[in-house]
Structure formats: structure tokens, C-alpha cells
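Below: the structure, in C-alpha cells.
The values are calculated or read from the model by the stated rules, or taken from the named source; none is laboratory data. Since the structure is predicted, the reported quantities are computational estimates derived from the model, not experimental observations. FYI the Cβ positions are ideal-geometry reconstructions off the backbone, even for glycines, and counts take in every protein chain you see.
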């Protein structure tokens, strides 16, 4: 078995990213349990997603921009009630120079019954730039979800034309962000009913002046390109970070950069990876969390005057419980303990645990990672996409985490970790998490170089399914086949723009009560890791056969109560009009 | 307006208490412009100058004009071996003690390679001495590096672990 000598505790000053330790086995691959239940089935090869190949630079991973791509979105772009899938692709240096064909992103239309059609060409969303992230939001309130695609280079805003096609309007509307754009989030921070856009920046890279390759690094005295004494790609530490950008949408539908004025421009230039507009203090204003690699996380409280106050340190979110900076990657947003407040789960580098922040109220958070059962198990993994989901519909949010290392060299050494890694599924037992084992031969027994993750009920059976985007590999589509699941309810919220709620209801919160359990689900854009979950809110009801109370706090701050006529289905609720189907 | 004045008076009173507390043991913890004025933006150690993590730097004034300055540095430029032992610097312009161990005026590196101990090194990376750290398990909101006033001088924290700095 592995020796856990010191690991994360040995880290002192900076982010915990790899304290040397001695191991006798890899703990990130081949861990199976013959008694574990079958929860997910890999159905990728039955779909055209099997033909998608993500590509990001060369296999050697000499440069940092070759390692963190890319995201995935589940969203119903054509409004047929079946969630579709968009996969972001990376690129190559040769493609960037026009010397080879650029890798393409892909959009798959859900035809039902696990049949998908590749509609990328028709839709015009191939991107063909070095893609990292996707965030969905109906920025023009026309009822058709649009996509911001964050690139290394110039980002895109794909406007949904409503006829199966999209048009890139980023330049025209003022959001063609340059640099390295990562996990973006849409949200109406100023309550004008129009979505605004936040985009974190990661690292400043000059392709004409790249850091040395690992093979040449040692000879040039570039010791910062080492991991456990082995030459690896350089960064992010030692490389200049990039600031973040907040785009405010003006009444004419164009956007203006208000980052500095709003106080969210990140003058320290931390290495931003994930973000989400969420209600931290549950007033009517959307707050903002930014997860940074190797630097403190930022938590911005919306002051209601167009500006934010950064409270990462005093809130407890900036660091872990021991006061350490961590290498934050992905972000899960959800009320895992059903106390009515939003909590955060954040993935980190290997040799450090992921972190679970419990929202104590009054803008205070406590790192409860180890008490909740999420600490020790996550240490050998390098985590990316993370999402709360109630996979068994018992009314408690479970957790899914995808993993994969950034250094191919880890497979050549016995460091207890690996390049491709198993995903982690945790069952939530009333606030305490327990890893769900992987039956031998099952999807969860496989190891992938995972990055992006998206959750949605792809077949409408009331069980949440998953799509994972893997680095330099084909994606994975996981069908939820869990045998013992409870009742459920899906909510599709539609905001009233005339009341200054965005049409897609981003920023709205639903509270659902069955028995003595009151659950909360938020309509969130972004988070996970450079990815987008389906915005249909999914509640597991357990054995309950009726909903006693359903309360929706719309993003404009108004509250409505609804009767739920039936369960085990998705219902649409329109602000001011009630349940319409 | 009245409310603002009341708030301002309260702030002044709180500040006075804070300064008084900080001044116990003759030490004042520096903040704001006073702090940035004394923290070097980089530090030389064992063949390289590395940038200071300004967010993780702290300083204290003993009496009227004696300073102890400390900060974590971005060690990413160092080899794995050096990174394992070196995390930051300590500069003192008077003789001090660290948990009772004497340290003359000078600039030093430090690290926590041995669990539960802080090791002080000269600029060539040679170990000078190690002192045990104390774990302050009740500390709320620890930081990678910070100072706080202590009856015997100043506590230099690394996370929840600290050593006590005092003038000689």
C-alpha cells in the first residue's frame, strides 16, 4: 500500500502542488470493488461522440497551454426538450500557424433514445481555435441558449439563431476577449434583466517567446520546470498570470468591459480557471466566486452599486483550513447538506486534497473536507471537473469528480499517481460522503485523462447522466443505470424579462420541500471546470410521492410559490404564470 | 452624519486598542503603506533572486526603529531539493531570538523541511538552527504567512504553526 508520508502537510508557503512522497502502488487506476453497484454505463461507442477526438498540442506536453483543455456543455440548443451536447476542442501550434487543419469542436443533437447527430457543420460552431471553455446563457433573452466559448486566442460568442445555426457575434458585441480565457460564467449582476459575462484569465503566453521545453530546461537553468526533480513543462508558477474580465451588457445588447470599475479585474493576476455567479449571502444580488490555480481563490460580494467587495480571506474560501493556497481547478456549486445555503467543492492538484467549503452563513465558510469524507481519498488525484448531482434521487446531492494528470512523466515514476485517472463518485449520506466503488469492467473502473464534465438527464428517465471531455482522447458518455433510485422532479424555469429576470432564469433559486427535507437548486452558468451542466434543475425526491412546497426565488428577488401537480417529470415554470406544462 | 462620526470614533477607539495590543512586548505589526515600504520585492538565496509573494509578507517594528521582515517567495525557480527546504526569508536589523535561539542582524532563508520545525539558513543555504513550532489549533483563518503580537514579542505564523520572535 501507499505510504502517505506527510504529503500535503509538508507543503508550506505556496500552493500544495506535489510534495515528494514514496509510494509502492498507483492509487488512481485499477481500484475496483466487485461488490460495488453499477451506477453508470459507458455508452459512448453507441453514439457519434465516439468519433470525436480532442487534441491539444503534442503528447509530450512541453507547454502549459497543451494541458488544461477542454470543456463540455449539456444544453437544449434547439428547444425540443432533449438536452444536446457540445464538446470543446483544443488545437496545435501547427494549426495556429495554418500549417495543419485545426481540431474542431462538435455539437451533437439529441434525437432521443441515445441517438445523437453531429450537427457541427450545420450549426457553425466548430470554433477551430484553441478552445478551453463553454458557458451557456441566453444573453439576448430570445429564449434560445447562446454559448460563450473561451479560447487561448480570441474567444467567441455563438448567438443561437433559432434555426439550428449559430453566428459568432463576439467581435460585434465586444466580448472577443484575447489572451487565455478559461471557465466563464453568465449572470445578471446588476439586476437589469440582461445577462453579463465574467471570464477568468489564466496565464500570459507569448507564442513567439515560449518557455524552454522540459528537455532543454535544466540546461538553461530553468529549475522551475521540474516536478519531483524531473523536467516537465513550465508553469503556472514562474509565468505571468492574466487578469479577469467582467463584461456588462448594455441596453443595446453590446457589452462593455467594467472589470476595473466593478473591482473584479484581478490586479494580482492570479491564475484563473473556474468561476460562477452564485448567491453567497442570499440577498437579491448575484455574487461571484473565482477559482485560481496555485493562488488564493476570490469571493466577490455584490454591493449592489455595480461594484464587488473581495472577501476571499475573511470568508475562509481563499485558502484551505491550514491556511494553504491550493492549485484550484474545478468548482461544484450546491447545497450538499440541505441547510438552505450554497456550498462549494473545488478540485486541486495531486498530493493535495480537493476541498469542500461549507457555507456557515453571514459570508463565512469552513473547510470541512476531511470531516465530510472527501479528503484522504482525493490526495493522489489531480482533479478537474466536479459537480454535485443526486444520482440516486434520494434528495441529497452526491458528487462526481473527473481526474487526470498534466505531466505524462508521472507514468514513468512510482509517485502513487498516473496520467489517466479514474473518476470519483461519492454518495452523500446526509452530509457525509462515501466513495462509490467501481465494479470490475465498469465505466468507473476505467482511467481517463479527464478535464471537462457536464451533467444532464440525456434520456429523460429521471436519472442524471454525464459527459466527460478527455484530453487528447475521445470523450465519455455515461448513462445512469442505477437500479435503486427515488422519485424526482425536473424544473425548467423561465424568467420574465419585463420584470428584469433573464429569460433563462440564471441566478434564480428553487427550494423544494418533501417531508422534513428542504432542498435548494440554483440556475448556474459555468462552474464545473470550463463546462456547463444542463440548466434544468433536478431534484431527487426519495420515497416521497408529492412535493409539499415549491418556492422559487427569481433572480430579480421576487418569490413565488407553486403547486406541483405531478412528479417524475420535467415541468416548466414561467415567472408570474405558474406551471405551464 | 452623526452616525458616521459615531462610527469613526468607534473605529478610532478600536484602532487604539489594536495598537495597544500590538505594542505589547514593544512590537507593532505593520500594515498598509508601512508594510509595503519595508518589504523587498525579491530576495536572494542560494544563487537566485526570487520574487516575494507580497500577499504573504509581514513585518513588525520593535521600539521605534528596529524591524523584522518576513515573506514567502515564489520558489518555482529553484530545484526540487531547494524547494523542499526553502520557502521564505527573514530579515532583521537587530539581534533577535527565535523561540529563544539567538539570531544576529542579517538576512536569512527559512523553511519547514522537518515536520514540526522551522529551519533558519544562511544565504548560501546552510542550516543555522532549527526550532520547534507551536501549533495554534484554535487559530481562525490562518494564512500562509502572517505576524501577530505576542506577549513575548511577535508570533511568526506559517499556517497554524508559529514561532515567537523577540528582541534581545
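Structure above, values below:
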item	result
Filtered residue count, region A:320-348, keeping only those that are on the phi > 0 side of the Ramachandran plot and facing chain B (nearest Cβ under 9 Å)	1
Within region A:380-424, tally of residues that are touching a helix residue (DSSP H, G or I) at 6+ places or on another chain (Cβ under 8 Å) and closer than 29 Å to residue A:546 by Cβ	0
Residue check for residue A:89: under 24 Å from residue A:384 (Cβ atoms), touching a strand residue (DSSP E or B) at 6+ places or on another chain (Cβ under 9 Å), assigned to a strand (DSSP E or B) and at pLDDT 95 or above	no
Elements of type strands (runs of 3 or more DSSP E) in region A:508-581, at least 2 residues being surrounded by fewer than 16 Cβ atoms within 10 Å (Cβ to Cβ)	A:549-553, A:559-562
Residue A:502 vs. criteria touching a residue at least 60 places away in the same chain (Cβ under 8 Å), assigned to a loop (DSSP other than H, G, I, E, B), more than 17 Å from the chain's Cα centre (by Cα) and surrounded by fewer than 24 Cβ atoms within 10 Å (Cβ to Cβ)	no
Residue within region A:308-316 that is assigned to a loop (DSSP other than H, G, I, E, B) and within 13 Å of residue A:363 (Cα to Cα) present	yes
Matching option when the condition is under 19 Å from residue B:41 (Cβ atoms), away from every other protein chain (no Cβ under 13 Å), in contact (Cβ under 8 Å) with a residue 12 or more places away in the chain and in contact with a strand residue (DSSP E or B) (Cβ under 6 Å, 6 or more places away or on another chain), among B:67, B:86	B:67
Number of positions in region A:349-362 that are within 14 Å of chain B (Cβ to nearest Cβ), more than 17 Å from the chain's Cα centre (by Cα) and over 15 Å from residue A:421 (Cβ atoms)	2
Residue list for region A:338-379, filter: within 20 Å of residue A:533 (Cβ to Cβ) and in a loop (DSSP other than H, G, I, E, B)	A:338, A:341, A:342, A:347, A:354, A:374
Leading residue by the ranking (surrounded by the most Cβ atoms within 10 Å (Cβ to Cβ)) among those in region A:241-257 that are part of a loop (DSSP other than H, G, I, E, B) and without any contact (Cβ under 8 Å) to a residue 60 or more places away in the chain	A:244
Filter result (over 19 Å from residue A:521 (Cβ atoms) and either crowded, with 24+ Cβ neighbours inside 10 Å or touching a helix residue (DSSP H, G or I) at 6+ places or on another chain (Cβ under 8 Å) (or both)) within region A:471-493	A:471, A:474, A:475, A:476, A:477, A:478
In region A:141-152, residue nearest to residue A:179 (Cα to Cα) [restricted to those that are in contact (Cβ under 8 Å) with a residue 60 or more places away in the chain and touching a strand residue (DSSP E or B) at 6+ places or on another chain (Cβ under 7 Å)]	A:152
Selection from region B:128-160 of residues that are over 11 Å from the mean Cα position of the chain (by Cα), in a strand (DSSP E or B) and within 21 Å of residue B:102 (Cβ to Cβ)	B:128, B:129, B:130, B:131, B:132, B:134, B:150, B:153
Helices (runs of 4 or more DSSP H) fully within region B:1-104 counting 2 or more residues that are modelled with pLDDT under 95 and over 23 Å from residue A:325 (Cα atoms)	B:2-23
Search result, residues across region A:288-319 that are away from chain B (no Cβ under 14 Å) and either more than 18 Å from the chain's Cα centre (by Cα) or surrounded by fewer than 24 Cβ atoms within 10 Å (Cβ to Cβ) (or both)	A:300, A:301, A:302, A:303, A:304, A:305, A:306, A:307, A:308, A:309
Unmet criterion (only one of (1) within 14 Å of chain B (Cβ to nearest Cβ); (2) surrounded by fewer than 24 Cβ atoms within 10 Å (Cβ to Cβ); (3) under 20 Å from the mean Cα position of the chain (by Cα)) for residue A:238	(3)
Counted residues, region B:98-119 - those being within 14 Å of chain A (Cβ to nearest Cβ) and over 21 Å from residue A:319 (Cβ atoms)	5
Residue list for region A:351-369, filter: farther than 13 Å from residue A:401 by Cβ and either out of contact with any strand residue (DSSP E or B) (no Cβ under 7 Å at 6 or more places or on another chain) or modelled with pLDDT under 95 (or both)	A:351, A:352, A:361, A:362, A:364
